[in-house]
Amino acid sequence: MSDEDNDLEKWRKEKGIPDEETQRMFSPELRMLHLLEKLSERVDKNAEDSRGTAEETQRNMNFIIEQQAQFAADMQHMREVQAQADEKWERRWGRTEEGIRALLAIAGIHDQEIKELAKVQAEAQARTDRQMAETDERLNALVNVVERIISERRNGGAAGETKQ
């Protein structure tokens, strides 16, 4: 006897189905009835398993939803922190930019002052060069006079004294 036959026999006794003769008479029907009951038991078990699976699926979905909500909150927090950092950076950059502009203005002023000093120095150098040229001319004239006087004294300066 197979397991299925043993199972069928056990089921027949549980259901109070009479002897083997009756069983033989209704054997295909009994087998069908037995299979239908087994199928019904399986359907009930699967339904219970499905309810358990559905509950587990619902728990998983709730977990995912909670995680998504936490992620969204974290992202919002990160956006706020980033906005604060951007604002702080822009303030610092603004101050740095102002400082650079001030330094450029100062450099421009110094450049202008240096150009003016160079111009004044060039003018002063030109005056000095003119004065040096004039001094050279006067000195040369003086040297010429002195040389002439010395030359005249050597060449007859003594004679020149008696003439006077």
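The values are calculated or read from the model by the stated rules, or taken from the named source; none is laboratory data. Keep in mind that this is a model prediction, so the values were computed, not measured. Backbone-built Cβ (ideal geometry, glycine too); neighbour counts: all protein chains shown.
Numbers for the structure displayed
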item: Failed item in (1) loosely packed, with under 10 Cβ neighbours inside 10 Å; (2) at pLDDT 95 or above, with residue 119 passing the rest; result: (1)
item: Residue check, residue 110 surrounded by 10 or more Cβ atoms within 10 Å (Cβ to Cβ), assigned to a helix (DSSP H, G or I) and modelled with pLDDT of 95 or more; result: yes
item: Residues within region 1-51 that are of a type in the set (S, T, N, Q) and modelled with pLDDT under 75, tallied; result: 3
item: Out of 37, 41, sole residue that is under 30 Å from residue 11 (Cβ atoms), touching a residue at least 24 places away in the same chain (Cβ under 8 Å) and not small (Gly, Ala, Ser); result: 37
item: Residue check, residue 79 modelled with pLDDT under 80, surrounded by 10 or more Cβ atoms within 10 Å (Cβ to Cβ), out of contact with any His (no Cβ under 6 Å at 6 or more places or on another chain) and part of a helix (DSSP H, G or I); result: no
